[in-house]
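Down below is the structure, laid out as structure tokens.
The values are calculated or read from the model by the stated rules, or taken from the named source; none is laboratory data. Worth saying up front: this structure is predicted, and the values here are computed from it rather than measured. Glycine also receives a Cβ, built like all others from the backbone with ideal geometry; neighbour counts cover every protein chain displayed. Note: accessible area is taken over every heavy atom of the protein model, side chains too, but ligands, DNA and RNA are not part of it. Shrake-Rupley method; radii C 1.70, N 1.55, O 1.52, S 1.80 Å.
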Amino acid sequence: MTQLAVQLNRLHLANPILVASGTFGYAREMAAYVDFSRLGGIIPKTITAQPRRGNPPPRTVETASGLLNSIGLDNDGIDYFIETHIPYLTSLRTAVIANIAGRNVDEFVRMAEQLNNVEGISGLELNISCPNVSGGVDFGTNPEMAADVVSSVRGACDFPVIAKLTPNVTSIVTIAQAAADAGADAVSLVNTFLGMAIDWRRRRPILGNKLGGLSGPAIKPLALRCVYQVAQSVDVPIIGVGGIGTIDDVMEFLVAGASAVQIGTANFYNPSVSERLVDELSGTLSEMKVHSVDEIVNAIH
Ligand code: SIN
């Protein structure tokens, strides 16, 4: 029997397959497609201190093997999340990792304190990497700011803290090191790559916000490179995310150094893929006669 459970510092997951924030709604939307109790965990859409309307439409464009989005953190705010979504999410018999974004350290800390009083949340993912809002990536592109927000949130709550990092930096290793030194239990690598789409006939950007974040299979080699580089030089558990949709993708991220993975854009074109990948991971590791996920994490030569 292969042991699928993984431990990322203080975060325990029944298996390493998570679903990524922003691609799974608040889970209700996916109930017809996925047995949530089979997943390692669910990361709902980012919440903010106040409700946000998000960016002007169009907010998504399909590209070659990818998806550009400029949602702009559209959400109903933390109070609504706690009242309306938390009771459902925490009834699902899987880990729930809340994803929060603040405009400053104080907002991150106040949200962490508020969630700390809520039963049933397994961890906090800090979205310091959204490319679609003003200031959204500031914390994720500056090592001192990344360290400040991670250590402040860590001091304000009892949750395992995960920093979700942007790839839109010169050295993701430097940012990951800062987050690790500040006490992050894990880093999620990576959020979307800044891009754009143009309607050349109308001579206009297609997205209402002009620029957006690229996700999906198109970014997989780039995300894999980020995971590999960080795993080679920073001692922090990594959650790989970026274009993962098949069992080979999962295995590549684990071997490159990720202890767990998030399934993101693939949920849009195959809503039940996350559950299938749990089965396939178990089968693949058994065939390899690998007894635990840990045995293949960072097993690259
Ligand atoms: C968005 O809401 O704009 C996407 C979320 C993100 O990229 O972090």
Where Thr2 falls short, out of the listed (1) of a type in the set (Ser, Thr, Tyr); (2) away from the ligand (no atom under 16 Å from the Cβ); (3) open to solvent by 50 Å² or more (accessible area, probe 1.4 Å): (3)
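So which of Glu280, Glu287 is in contact with a helix residue (DSSP H, G or I) (Cβ under 7 Å, 6 or more places away or on another chain), open to solvent by 30 Å² or more (accessible area, probe 1.4 Å) and over 15 Å from Ala218 (Cα atoms)?
Glu280
Going through the stretch 157-168 one residue at a time, which ones are open to solvent by 40 Å² or more (accessible area, probe 1.4 Å) and under 19 Å from the mean Cα position of the chain (by Cα)? First the steps, then the outcome.
We begin by selecting, within the stretch 157-168, every residue open to solvent by 40 Å² or more (accessible area, probe 1.4 Å); these are 158, 168.
Result: Asn168, single match.
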2 or more residues within 15 Å of the ligand (Cβ to nearest atom) and within 18 Å of Ile162 (Cβ to Cβ): qualifying strands (runs of 3 or more DSSP E) within the stretch 45-106: 95-100
Boolean, Arg154 is open to solvent by 50 Å² or more (accessible area, probe 1.4 Å) and part of a loop (DSSP other than H, G, I, E, B): no
Single residue of the stretch 121-146 satisfying the filter (open to solvent by 10 Å² or more (accessible area, probe 1.4 Å) and assigned to a helix (DSSP H, G or I)) that is farthest from the ligand (Cβ to nearest atom): Glu144
Looking only at the stretch 107-119, and only at residues there that are touching a helix residue (DSSP H, G or I) at 6+ places or on another chain (Cβ under 7 Å) and farther than 26 Å from Val190 by Cα, the one that is farthest from the ligand (Cβ to nearest atom): Val118
Tally, over the stretch 190-221, of residues that are open to solvent by 70 Å² or more (accessible area, probe 1.4 Å), under 17 Å from Leu254 (Cα atoms) and within 15 Å of the ligand (Cβ to nearest atom): 0
